[in-house]
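Below: one structure, written as structure tokens.
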Amino acid sequence: MSFVKNAFLFIIQLVFIWAIYACSKYAVETFHIPIPSSVLGMVILYVMLVCKIIQVKFIEKGAAFLNKHLGFFFVPIAVGLMNYGGLIKTNGWQLLLMIAGSTIIGLAISAAATQYLTKKERNPTGGEKTNHGQSHSA
Amino acid sequence: MDSLTLLSIFITITVYIGAIKLAKHVPSPFTTPILTATIVIIAILSSLHISYKQYATAKDWMTFLLGPATVALALPMYKNQSIIRERLKPAVLGLAIGTIATMTSAVWLSKALGLSDTIQAASAVKAVTTPVAIEAAALIGGDPALAAAFVITAGIFGAVLGPILLTCMKITDPFSRGLSIGTVSHGIGTSQIMTEGPVQGAVSSLAMGFAAIITSILLPWIYPLIQF
């Protein structure tokens, strides 16, 4: 019985998360909000959790499942690159160089800036290094 | 649902499960599931003469949960809210600087490599999540479909090589690692950096959301300024 009950709760959680997404989509389209519906939905769910409108356990199983399989949902979209065979043949190297180069530049600058600004904020005089937040990685 | 759609879904799920198993047995950036699965699925579809148009119905079924899955990123953000709050200021500054840097460098590199104006405009939006990229590209005269293709490629590139590049640059702080991946490689990068740890996943989700918002607001202003 507990399996049936858990499966039922899991589906309810997924439906709830989907409903938040559906409402955000409606709001974005109706009020022409210039951010993507999924990002708005993420903000709404976050606020609901922080303000204790809903408890974590109410969405935890469904959300953890979606988090775990997030990568899967991008695969069918990435398969769409098969439409660009022609462009890849004519401009492939230039495109790869442009995408790789600017991604690396953005990556390096945002990471270095964040690391530097955090250190500066914590130690304006530049003293010892703090180790806060370094212990969470798996 | 017709048999072609069922077959396409079956192929996609089977290949993806295989790709995850491969990544577990042979851990390497080049076995990142989204990369290997995409290549194998394209190869199978091509050999079966299934076009992307025919695959589209299957795609719609399988991506039905993409929006809700992005919403669900609120969970890691909530669980790591104390660290996010504590470092919100450097985080927002860092990702704003990173977003401008990646936009500008994409346009300048496109110019330097002699790519067309349409490609330049599409390249400017490649760091952000697809729905924003499509709309932002159209605003500055880029091709939305092309922009979506760049978004996917930038996402896969960041997911595959981002973590290694960060390690080479001696960025060891999990917070900064998550932030930069989310800034340049949106959801695809987030899905990958999440496997490194919960802080990375939470901060990457936050960065992805903010980068989308910053891009949609700043791009129409910045794009004319970076022309030469």
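Structure above, values below:
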quantity	calculated
Overall dimensions of region A:1-68 by Cα: Rg and Dmax, Å	13.4, 46
Compactness of chain B as Cα Rg over 2.2 N^0.38 Å, two decimals	1.05
Quotient of Cα Rg and 2.2 N^0.38 Å for region A:74-125, N being how many residues it contains	1.84
Unsatisfied cross-links (Cα-Cα over 18 Å) in the set A:25/B:126; A:61/B:79; A:68/B:21; A:119/B:89; A:5/A:61; A:52/B:79	A:25/B:126
Mean separation of Cα contacts under 8 Å (6+ apart) over length of chain A, as relative contact order %	19 percent
Cα Rg, Dmax, region B:3-64, angstrom units	12.1, 35
Exercise: per-residue mean of other protein chain Cβ atoms within 10 Å, A:28-41	6
Efficiency of FRET between residue A:27 and residue A:50 - r from beta-carbon atoms, R0 22 angstrom, step 0.05	0.70
Computed FRET value (nearest 0.05) for residue A:88 with residue B:47, which takes r as the C-beta separation and R₀ as 22 Å	0.75
Span from the region A:1-20 Cα centroid across to the region B:183-218 one, whole angstrom	27 Å
Gained length - residue B:4 relative to residue B:39, 0.36 nm times residue gap less alpha-carbon distance	10.6 nm
Among B:14-23, A:101-110, the order from most to least packed when residues are scored by Cβ within 10 Å on average	A:101-110, B:14-23
Test item: B:7-16 mean partner chain Cβ contacts at 10 Å	2
Pairwise FRET efficiency - residue B:217 versus residue A:58, Cβ, R0 = 45 Å, nearest 0.05	0.85
Average beta carbon contacts from partner chains per residue of B:198-204, 10 Å cutoff	3
Peptide ranges A:40-49, A:59-68 listed from the most packed, as the mean C-beta count within 10 angstrom indicates	A:40-49, A:59-68
Relative counts (whole %) of C-alpha pair distances in chain A, using bins that are 5 Å wide	2, 7, 9, 11, 12, 14, 15, 13, 9, 6, 2, 0, 0
Cα convex hull of the protein assembly as shown, projected area averaged across orientations, nm²	20.0 nm²
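No value in this document is a laboratory result; all are computed from the given coordinates. Nothing here was measured: the structure is a model prediction, and the numbers come from that model. Using ideal geometry, Cβ is built from the backbone for each residue, glycine included, and neighbour counts are taken over all protein chains shown.
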